[in-house]
């Protein structure tokens, strides 16, 4: 069993799950048991951005900012998925507005129309400027002339593959080349570099039927998916070298488990991320284990619902993050699960209860926070070691008021109180004041049908550790030749550090222990760094900050099985829209025994 498989097996067990009733119960938060470092919450841009992007300001800007701007203006979403349209044959034209996302190449051997899809592109650029630094691209269907039915709406029987085998390779008019060309143009012309491209949205379903008015869609066989994944991976270095391949966006988590297991070794090697939807299926821990064992990132890329109270949203989000352990979690679109009601005719929108339920999570569990153990199936706990903040979000969807004691164990120190924010039938992320933290615990009361967020500042988790200076790290080639550049730096550990902005350059440390805690700098010239353990899946962390800080915690590995491990940090070449460079600095790593 590999180290990553051991990690997956360890984190799959969260502990006993409390079931709140009207009686008092205790939820124990354990800072010592740590899981994934989170990259953030998000949304896809299908289809709403195609409509909203055509509106005039200030309304369209206000709607996008309500989602992506930092609090208190918006939800602070950091993950956005751009829908690369296939485009249907004008001879059909059945998809309703705004679901008909334009394609960029409308016919075989046709020129690319880079004026197409200006509406969605405007939204993507506004989202990125607001802080949606983790961008992905996805496709619902190949262009109509690459399909079996001659339409991007689906196949004639809705079950057969609508992807023509003739276009799955790397040829001049292939589907992978179409996608690679689009993401390359976005990077070079629009300043939008996609971290990943996912070619097959819900290929495992049976409702992509020819003539549908709903949207583009295509069933694609696992064998075809494999060819597309490998072809994309071979093309991207020439078109968009910072973009890698994700697959397979299954509607059903269980299908995703079996499809990934059936991929060839070559297909698995060609992809860096598993994307899944969580509408159906129950094998969350199995998919998490499969991703960890294969060294692949895992993202929950889509979920939505018509339910309006926020109950389904909060319960789904909590279950997915506890059991699936994704690096990011995204809704389908803001009007599904009804965060907003969007009137595409009158160019107006209203905010609904689901928006505030989502805000209870997105505004307080920030990118870079680490999910930690809490033995309550209705709660999430996240620790931000950079800001020394503990965030707990608990749902109570019963008809009773529930008293709860939070036992906060293994923290080195805690603030004197926890600030509360609540959404209920009468409250919208309301400031409800604070409760005292004393003797390592706090007592609160949760009203019926509510979601409550508690934020404890001054929370520290600093277990006994051995510090290693950057002079002892192993470096790859960088801007300065055979090793990383180095020099004195005020505020750095031991007064000096190493740095690189060369894409792909790395530093690493092999250690014996149960956790590595990486310290470095955050500054206006810092980019996005990728962290990995034992050559496993990478986690991206945005190191940009308007004001420079040094010798600050940037990443903590999950709690690892005792033994020898290697932590590696890579310069991705990606950055926040406000950053002036893509520099990553090496300073100090603390090893917890």
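Under 25 Å from the mean Cα position of the chain (by Cα) and under 24 Å from residue 578 (Cα atoms): which single residue out of 490, 506 fits that description?
Values: 490 fails: under 25 Å from the mean Cα position of the chain (by Cα).
After ruling out the rest, the residue left standing is 506.
When you scan segment 124-159, how many residues do you find that are within 24 Å of residue 171 (Cβ to Cβ) and in a loop (DSSP other than H, G, I, E, B)?
Filtering segment 124-159 for residues within 24 Å of residue 171 (Cβ to Cβ) gives 137-152, 154-155.
Then keep just the ones that are in a loop (DSSP other than H, G, I, E, B); that gives 139-143, 148-152, 154.
Qualifying residue count for the region: 11.
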Within segment 458-476, the residues that are closer than 30 Å to residue 404 by Cα and surrounded by 17 or more Cβ atoms within 10 Å (Cβ to Cβ) are 459, 461
For segment 169-185, the count of residues that are out of contact with any helix residue (DSSP H, G or I) (no Cβ under 8 Å at 6 or more places or on another chain) and more than 14 Å from residue 232 (Cβ to Cβ) equals 2
Exactly one of 410, 479 is in the same structural domain as residue 559 (by TED's automatic domain parsing), touching a strand residue (DSSP E or B) at 6+ places or on another chain (Cβ under 7 Å) and surrounded by fewer than 19 Cβ atoms within 10 Å (Cβ to Cβ), and that residue is 479
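One line per residue, one yes/no per condition, for (1) crowded, with 22+ Cβ neighbours inside 10 Å; (2) over 29 Å from the mean Cα position of the chain (by Cα):
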position	(1), (2)
65	no, no
68	yes, no
72	no, no
76	yes, no
80	yes, no
85	yes, no
88	yes, yes
94	no, yes
106	no, yes
The condition from (1) without any contact (Cβ under 8 Å) to a residue 60 or more places away in the chain; (2) surrounded by 16 or more Cβ atoms within 10 Å (Cβ to Cβ); (3) within 28 Å of the chain's Cα centre (by Cα) that residue 442 misses is numbered (3)
Within segment 135-170, residues being closer than 21 Å to residue 244 by Cα and touching a residue at least 60 places away in the same chain (Cβ under 8 Å) number 11
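Within segment 234-246, take every residue that is farther than 12 Å from residue 195 by Cα and in contact (Cβ under 8 Å) with a residue 24 or more places away in the chain and give me the one that is surrounded by the fewest Cβ atoms within 10 Å (Cβ to Cβ). Explain how you work it out, then say what you get.
To start, the set of residues in segment 234-246 that are farther than 12 Å from residue 195 by Cα comprises 234-235, 237-239.
Keeping just the survivors that are in contact (Cβ under 8 Å) with a residue 24 or more places away in the chain gives 234-235, 238-239.
Details: 234: 15, 235: 22, 238: 10, 239: 20.
Among those that are farther than 12 Å from residue 195 by Cα and in contact (Cβ under 8 Å) with a residue 24 or more places away in the chain, it is 238.
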If we scan segment 429-436, do we find a residue that is outside the structural domain of residue 31 (by TED's automatic domain parsing), farther than 27 Å from residue 313 by Cβ, touching a residue at least 12 places away in the same chain (Cβ under 8 Å) and not in a loop (DSSP other than H, G, I, E, B)? no
Result of the Cβ filter at 6 Å on segment 222-233, keeping first residues that are over 11 Å from residue 269 (Cα atoms) and partners that are in a helix (DSSP H, G or I) and modelled with pLDDT of 95 or more, at least 6 apart or interchain, is 222/259; 222/262; 228/176; 231/176; 232/176
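Look through 173, 201 and report the one residue that is under 19 Å from residue 46 (Cα atoms) and either assigned to a loop (DSSP other than H, G, I, E, B) or touching a residue at least 60 places away in the same chain (Cβ under 8 Å) (or both). I'd like the intermediate steps shown before the answer.
On the way: 173 fails: under 19 Å from residue 46 (Cα atoms).
The conditions single out 201.
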Apart from one, (1) in contact with a strand residue (DSSP E or B) (Cβ under 8 Å, 6 or more places away or on another chain); (2) at pLDDT 95 or above all hold for residue 113; the odd one out is (1)
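What residue, among those in segment 112-123 that are out of contact with any helix residue (DSSP H, G or I) (no Cβ under 7 Å at 6 or more places or on another chain) and assigned to a helix (DSSP H, G or I), is surrounded by the fewest Cβ atoms within 10 Å (Cβ to Cβ)? Give the steps one after another, and end with the answer.
To start, the set of residues in segment 112-123 that are out of contact with any helix residue (DSSP H, G or I) (no Cβ under 7 Å at 6 or more places or on another chain) comprises 113, 115-118, 121-122.
Imposing the further condition that a residue be assigned to a helix (DSSP H, G or I) reduces the set to 118, 121-122.
Values: 118: 12, 121: 20, 122: 18.
Filtering first and then ranking leaves 118.
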- prompt: Would segment 66-83 turn up any residue that is modelled with pLDDT of 95 or more, over 28 Å from residue 305 (Cα atoms) and in a strand (DSSP E or B)?
  reply: no
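Being surrounded by 23 or more Cβ atoms within 10 Å (Cβ to Cβ) and either free of Cβ contacts under 8 Å to residues at least 24 places away in the same chain or touching a helix residue (DSSP H, G or I) at 6+ places or on another chain (Cβ under 6 Å) (or both) is the requirement here; does residue 276 meet it? Walk me through it before giving the result.
Numbers: surrounded by 23 or more Cβ atoms within 10 Å (Cβ to Cβ): yes; either free of Cβ contacts under 8 Å to residues at least 24 places away in the same chain or touching a helix residue (DSSP H, G or I) at 6+ places or on another chain (Cβ under 6 Å) (or both): yes.
Here the answer is yes, as residue 276 does meet what is asked.
The values are calculated or read from the model by the stated rules, or taken from the named source; none is laboratory data. This structure is a prediction, so every number in the text was calculated from the model and none was measured. FYI the Cβ positions are ideal-geometry reconstructions off the backbone, even for glycines, and counts take in every protein chain you see.
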